[in-house]
Amino acid sequence: MIEEKEPFEIRVSRLGGYLTRAYEHNKPSILFALYLSEFLRSDAEKSLEKLLKEQGLDILNVDAGEHKDLPALFSSINSNNTVFFVHNIEKSFPESLQYLNFKREELIEHHAKVVFWVKEEELARISTGAPDFFAFRNRVVEFMEVPTAEERRPALVEFASEIEYKSLDEIKRSIELKEKLLSELSNEAEISEYLLGSLGVLYSKISFYKKSIEYGEKALRIAQEIGDKKGEGARLGNLGIAYFLQGDARKAIEYHEKALKIAQEIKDRRGESRRLGGLGSAYTFLGNARKAIEYYEKALKIAREIGDKKGEGVWLGNLGNAVQNVGDTKKAIDYYEKAFKIAQEIEDKENEGVILANLGNVSSALGDTKKAIDYYEKSLKIFQEIGERKNEGISLNNLGVCFKNDKKYQEALACYLLAKDIRTQIEDPDLKQTEANLKNLKEELGEKDFEKLEAEVAPRAAEIVRKILEGTSV
Amino acid sequence: MPEEYIVADNFNLALSNFDPSYPLPADCPFHVEREDKPLDRLKTALLIEHKQTPKYFFSGHRGCGKSTELNNLAADNDINQKFYVVKYSVKDVCDVNNLNYIDVLFSIGAQLYIQYVEAGKELSLELKKDLENWEKSIEKTFEEKTSLRTSLGAGLKAFFFTMQAKIKTEDSTRKIIREKIEPKLSELIDKINLIIADIEGKEKKKVLVLIDDLDKPGLDRAKEIFYNNYTAITQPKCYIVYTVPISIMFTQESTTLRDYQFFLPNIKLHPKNDRNSKHEPGYRVMRNFIFKRMKEELIESDALELAIKMGAGVFRETARIMQIAAYSAIEHKRTKIIKEDIERAEREIRSDFKRILRSEDYDSLKEIYACNEICGIEKIGHLLHNLSVLEYVNYENWCDIHPTLEKLINP
């Protein structure tokens, strides 16, 4: 490979140089970034993106599989400071080759600035299948190193372990990339463990619990094999959460207890706090509020000691739930408000949504349907935004109940139907709840009227809910 | 397109001037005269009298200046004295993924009509009536077969525009148009010839149609158009220059086109079988090509000679080498491009080739490297297509491997 000896940063800055120069001089720029490993691609993309943003350029990611006529796409949305990153070109073959070859001048006329992120076979296909287009290239820059090169390892580990994402799209992209990396690096036990563990958490976030558990168990096995105690504790804990979310509280307790033991053994305070909290949740689920409160308070104490803001917010919120369960609404609201403040402060969207939904529950319990609806709507928006399907189902279901109590049957039915869809898709045990709610509604309306309403609402349930959230009349 | 053609006195401007993606417009100051004026042969052929209007097939290596030369031909004084010139690119009027000879023929008629009318001129009333009747007969088919309507009664120009747009973008309509026109091909050709006759009568000139970018479809599609439907596409009674893919000239069927083919050769840089000596006129052209774009003082002389050698006598490839080298000089904060910068470009281009060459290709390349002969066209058609083998002309045709590949073949 020709650029072997050149540092990574130089090659990234060469791409950046071409693009910013094209931007400054109002020129097109057709670049190819050739990569071997998805990890390195992601790394190069991030560095390049940072560099370009500093120069006032915007990145637009394009999935070629969805846009085969790339020249048309570039022409239709190109603005001077847009740089297109084209991915997945393989999925657009062979049509995209013809489009590129024939309409290559459109890229030039519109001063398109494009980086095609390609693998070796893809680049070969382009140079033979769209030779006239390829002749217009400015540069091919190679990122062909093996990703486990020691100097990149810390970044790789960091990426493999990363589980914090702000949106559903980010999560999906990360899952896709990690799955690819997993197959690339299957002989690297440690990295595989991190990837499997992280994938387990991410699948759980998008409510794929079966997959989450499958990956988590694999990660757990590797951690035990290679003697990674901290990893073992984390995997056990995450499995506990996944089992809990799947509705198996007893199994959740079993895993959390094992994880707690390891955390205490290796003095992992943060892990200890999480496991205690997890146990709290499991006992709440089993109806043992007193035990739950006990665990949550321990978890909260540690979180505060070690300055774990996120944990603090979550345990405060959960304490709210637990005290609400024993009938202390005033105390519950107090906890929720504290938790909400923290969630906003650290931009923990997920917990913000959870707290809002819990405030909805309290308002509903106090008979203030209007306020409850408002809280549920706010939480629903957040869950949709971050792709929390399970919680989305909860908010929709609860919102439906409020609407029903308000005799707004059309809205109620739309919420129930969407909740049912989601809960069916993610195999949520709470599906039973929504089914019961639908049955209640049917009884209240009478079979005939219900069927009439259902025929009307079912085809546009999503639209109705969208309008509710937009505040426009249904 | 560089808005101003200024000789670069810095690398930043040089990067622009050496952009590989710009064909030059006619009369551009960056244009270099080729030593052998290859287009003169085509020009001469067009200017002499013919009993039957000839059709020429124009090809050349990718990046050797076809579009540039075609632009020049369309703007040439002598040509414009004898001809009413209509030039267009198929990519503007046809669908790139689905091109057949009917589309090409229709585009000739449509472009003749549209360009003539857009120049503010008018065709005879009689012809317009005739075309309107034809238009109606086609539109009737549309009403029968689909609910689609062309803009009925909106005039012929609109008709041609709409039809062209449909051919370009609408799969189903294109199919209907082809189905409708194919059995009555003579009718379409007849209408094209009526338009030609009318323009020739009014302008007192012959009609010359120059069609660019017909070399872009793949070889199979090109064969279908130019061989299997040779009779049809040579029917219009005007002079036509079709661009065709270079690889089509190296197929067995190519004898059909032989008498009328014009090949725009690469610039010869050394005599056959003598890689170490320089063909000075070729180097002069390429030096000129470089110095029209960048000042001489920005490059060391040994770097310049190497850049020309590695550019293989292909303009675009030379431009690419200079662009990479200029960037390399910027990266290294140099005031002059040195040999090392050219060597970097050489390595990059070699890497691009390495990715696409198959193991059996190396044998062909070795053979050509040894004898400079075109040996077995079936083996090297695709190599000519991807520029790893280049053809040169003096008294006879010969070829050589791309100079960046020498280190692969003969390390």
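Computed quantities for the displayed model
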| item | result |
| --- | --- |
| Any hit, the range B:351-366, residues being over 28 Å from B:S21 (Cβ atoms) and surrounded by 17 or more Cβ atoms within 10 Å (Cβ to Cβ) | yes |
| Out of A:N88, A:N61, sole residue that is surrounded by fewer than 22 Cβ atoms within 10 Å (Cβ to Cβ), in contact with a strand residue (DSSP E or B) (Cβ under 7 Å, 6 or more places away or on another chain) and on the phi > 0 side of the Ramachandran plot | A:N88 |
| All helices (runs of 4 or more DSSP H) inside the range A:1-104 with 1 or more residues being within 12 Å of another protein chain (Cβ to nearest Cβ) | A:8-24, A:70-77, A:95-102 |
| A:L356 vs. criteria outside the structural domain of A:T284 (by TED's automatic domain parsing) and either in contact (Cβ under 8 Å) with a residue 24 or more places away in the chain or among the acidic types (D, E) (or both) | yes |
| Selection status of B:R62, in contact with a Leu (Cβ under 7 Å, 6 or more places away or on another chain) and either at pLDDT below 85 or over 29 Å from A:K113 (Cα atoms) (or both) | yes |
| Selected residue [more than 20 Å from A:D428 (Cα to Cα), surrounded by 15 or more Cβ atoms within 10 Å (Cβ to Cβ) and not aliphatic (A, V, I, L, M)] from A:S192, A:S186, A:S207, A:S212 | A:S192 |
| Among (1) in contact (Cβ under 8 Å) with a residue 12 or more places away in the chain; (2) more than 14 Å from chain A (Cβ to nearest Cβ) - the single one B:E346 does not satisfy | (2) |
| Residue in the range B:121-138 that is in a helix (DSSP H, G or I), buried (at least 22 other Cβ atoms within 10 Å of the Cβ) and at pLDDT 80 or above present | no |
| Failed criterion for A:A419 (all others in (1) modelled with pLDDT of 90 or more; (2) of a type in the set (A, V, I, L, M); (3) surrounded by fewer than 18 Cβ atoms within 10 Å (Cβ to Cβ); (4) within 21 Å of A:E377 (Cβ to Cβ) hold) | (3) |
| Those residues of the range B:39-76 which are among the basic types (K, R) and away from every other protein chain (no Cβ under 14 Å), in sequence order | B:R41, B:K43, B:K51, B:K55 |
| Flag for B:A222 being within 14 Å of another protein chain (Cβ to nearest Cβ), assigned to a helix (DSSP H, G or I) and under 22 Å from the mean Cα position of the chain (by Cα) | yes |
| Residue ID - surrounded by the fewest Cβ atoms within 10 Å (Cβ to Cβ), chosen from residues in the range A:324-347 that are within 14 Å of A:L359 (Cβ to Cβ) and among the β-branched types (V, I, T) | A:T329 |
| Failed criterion for B:D215 (all others in (1) away from chain A (no Cβ under 14 Å); (2) under 16 Å from B:V90 (Cβ atoms) hold) | (1) |
| Residue list for the range A:123-141, filter: assigned to a helix (DSSP H, G or I) and either crowded, with 22+ Cβ neighbours inside 10 Å or within 8 Å of chain B (Cβ to nearest Cβ) (or both) | A:L123, A:A124, A:I126, A:S127, A:T128, A:P131, A:D132, A:F133, A:F134 |
| Candidate set from the range B:380-394 (those that are in a helix (DSSP H, G or I) and within 14 Å of chain A (Cβ to nearest Cβ)); member that is modelled with the highest pLDDT | B:L383 |
| Extreme residue, farthest from the other protein chains (Cβ to nearest Cβ), among residues of the range B:299-336 that are in contact (Cβ under 8 Å) with a residue 40 or more places away in the chain and not in a helix (DSSP H, G or I) | B:G313 |
| Selection status of B:K268, at negative phi and touching an Asp or Glu at 6+ places or on another chain (Cβ under 7 Å) | no |
| Residue tally, condition among the charged types (D, E, K, R) and buried (at least 23 other Cβ atoms within 10 Å of the Cβ), over the range B:317-345 | 3 |
| Residue ID - nearest to the other protein chains (Cβ to nearest Cβ), chosen from residues in the range A:105-120 that are within 32 Å of the chain's Cα centre (by Cα) and either under 19 Å from B:S21 (Cβ atoms) or not aromatic (F, W, Y) (or both) | A:E120 |
| All positions within the range B:35-74 that are aliphatic (A, V, I, L, M) and under 25 Å from B:N386 (Cα atoms) | B:L39, B:L70 |
| B:G311 vs. criteria at pLDDT 80 or above and out of contact with any Leu (no Cβ under 7 Å at 6 or more places or on another chain) | yes |
| Inter-residue pairs, beta-carbon under 6 Å, first not assigned by TED's automatic domain parsing to the domain that holds B:N80 and in the range B:26-53, second surrounded by fewer than 16 Cβ atoms within 10 Å (Cβ to Cβ) and modelled with pLDDT under 85, 6+ apart | B:P29/B:Y5; B:F30/B:Y5 |
| Unique residue being of a type in the set (A, V, I, L, M, F, W, C), over 18 Å from A:N351 (Cα atoms), outside the structural domain of A:R235 (by TED's automatic domain parsing) and touching a Phe, Trp or Tyr at 6+ places or on another chain (Cβ under 8 Å) when the list is A:A282, A:A303, A:A292, A:A322 | A:A292 |
| Residue pairs meeting the criteria (Cβ under 8 Å; at least 6 apart or on separate chains; first within 19 Å of A:P131 (Cβ to Cβ), in the range B:216-241; second in a loop (DSSP other than H, G, I, E, B) and at pLDDT 85 or above) | B:A222/B:L214; B:A222/B:V244; B:I225/B:L214; B:F226/B:V244 |
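Table: residues versus (1) polar (S, T, N, Q); (2) touching a strand residue (DSSP E or B) at 6+ places or on another chain (Cβ under 9 Å).
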residue	(1), (2)
B:E305	no, no
B:I308	no, no
B:V314	no, yes
B:Q323	yes, yes
B:E340	no, no
B:E348	no, yes
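Conditions tested, residue by residue: (1) of a type in the set (G, A, S); (2) within 16 Å of B:R178 (Cβ to Cβ); (3) more than 14 Å from chain A (Cβ to nearest Cβ); (4) out of contact with any Lys or Arg (no Cβ under 9 Å at 6 or more places or on another chain).
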residue: B:K82; (1), (2), (3), (4): no, no, yes, no
residue: B:K87; (1), (2), (3), (4): no, no, yes, yes
residue: B:V90; (1), (2), (3), (4): no, yes, no, no
residue: B:C94; (1), (2), (3), (4): no, yes, no, no
residue: B:I102; (1), (2), (3), (4): no, yes, yes, no
residue: B:A110; (1), (2), (3), (4): yes, yes, yes, yes
residue: B:Y113; (1), (2), (3), (4): no, no, yes, no
residue: B:A119; (1), (2), (3), (4): yes, no, yes, yes
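The values are calculated or read from the model by the stated rules, or taken from the named source; none is laboratory data. Because the structure is predicted, anything quoted here is derived from the model rather than measured. Neighbour counts are summed over all protein chains in view; Cβ atoms, including those assigned to glycine, are modelled from backbone coordinates with ideal geometry.
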